[in-house]
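Below is the structure I would like to discuss, written out as structure tokens.
The values are calculated or read from the model by the stated rules, or taken from the named source; none is laboratory data. What you see is a predicted model, and the numbers here were worked out from it, not measured in a lab. In this analysis, Cβ positions are derived from the backbone assuming ideal geometry, glycine residues included, and neighbour counts consider all displayed protein chains. Heavy atoms of the whole protein, side chains included, go into the accessibility calculation; ligands, DNA and RNA do not. Shrake-Rupley method; radii C 1.70, N 1.55, O 1.52, S 1.80 Å.
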Amino acid sequence: MDPAQRLLAERRLVSAVARFHRREPMAPDLRADALIALVRERGQLPTSHRGGAPLSLTDAQLLDVLDDLVLRGEVEREGHRVRLAGHRPELGAAMRERADALLAELRDAGASPPRPETIARRLGLPDGVVDALRQSGELVAVAPGVDYPGDALDALLRRLRGRNMSVADVRDELGTSRRYAAALLAALNH
């Protein structure tokens, strides 16, 4: 393998993983084939562009370069999934502030919160942040399209616990719709 091509491939692979982590801060990793697709996509730049030198390595050669990056400790790999060494999903300060604003808006909505994806788009949160909040337990999906911040859900369920209530009773108690009342009863009984 040409040393110049190897060096170019190393830079592009590491750069592509870093770009992915910036774009999807809560995603723990990406598939190796998706990484190679990102490198190929980036190679579409005009040759006059800085970093636009053509990469002539095959996908198999790029995987070999990726394996060398793993051996050197620059990249970590588990099966077909790769990430920068030491990368852990987390939101930066600005994204954390937006995620907190999303959770606060859901809390303020009480028993009838809007869809979190709608709020996330308005606040400029990247795709995947809502799913990551669900995985962390900060956001709990109780039915399709019905999510509550974990602490808000706990408070609502405490309010209902130990009482024999129908969907209509919950609806009236919380001043919400039948849809939310049924979702909360299901969460209570789960």
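Per DSSP H run of at least 4 residues, take -39500 (n - 2.57); add these up for the chain, divide by its residues and hand me the 222 nm value, nearest 500 deg cm²/dmol.
-17500 deg cm²/dmol
Then there is this: Can you sort Leu63, Leu160 by 1.4 Å-probe accessible area, starting with the largest?
Correct descending sequence by accessible area is Leu63, Leu160.
Using alpha carbons only, how many angstrom separate the centre of the range 152-183 from the centre of the range 57-129?
Using only Cα atoms, the two centres lie 33 Å from each other.
Work through the residues other than Leu38 whose Cβ is under 11 Å from its Cβ and net out their charges, Lys, Arg +1 and Asp, Glu -1.
Result for the neighbourhood of Leu38: +4.
Put Arg23, Arg77 in order of accessible area, largest first, 1.4 Å probe: what do you get?
Heavy-atom accessible area, descending, gives Arg23, Arg77.
By the scheme Lys and Arg +1, Asp and Glu -1, what is the net charge of all other residues having a beta-carbon under 15 Å from that of Pro114?
That sum, taken over residues with Cβ under 15 Å, equals +1.
Another question about this same structure. With the contact rule set at Cα under 8 Å and sequence spacing of 6 or more, what percent relative contact order holds for the chain?
18 percent
Could you order Arg31, Arg98 by accessible surface area, starting with the largest, using a probe radius of 1.4 Å?
From most accessible down to least: Arg31, Arg98.
Still on this model: Local charge sum around Val70 (other residues, Cβ-Cβ under 13 Å, Lys/Arg +1, Asp/Glu -1)?
-4
Next question, about the same structure. Which three lengths, in whole Å and largest first, does the range 70-190 cover when its Cα atoms are put on their principal axes?
Computed over the range 70-190, the largest-to-smallest principal extents equal 62, 29, 20 Å.
Assigning unit charges at the beta carbon (Lys, Arg +1; Asp, Glu -1) and nothing else, what dipole magnitude in debye, to the nearest 20, does the chain show about its Cα centre?
Here the chain has a charge dipole of around 360 debye.
Additional query: Within the accessible area of the chain, what % is carbon and sulfur when the probe is 1.4 Å and the other protein chains stay in place?
Whole-percent figure for carbon plus sulfur exposure: 51.
Could you list the square roots of 5 times each eigenvalue of the Cα gyration tensor of the range 1-113, that is, the equivalent ellipsoid semi-axes, sorted largest first and rounded to whole Å?
35, 16, 11
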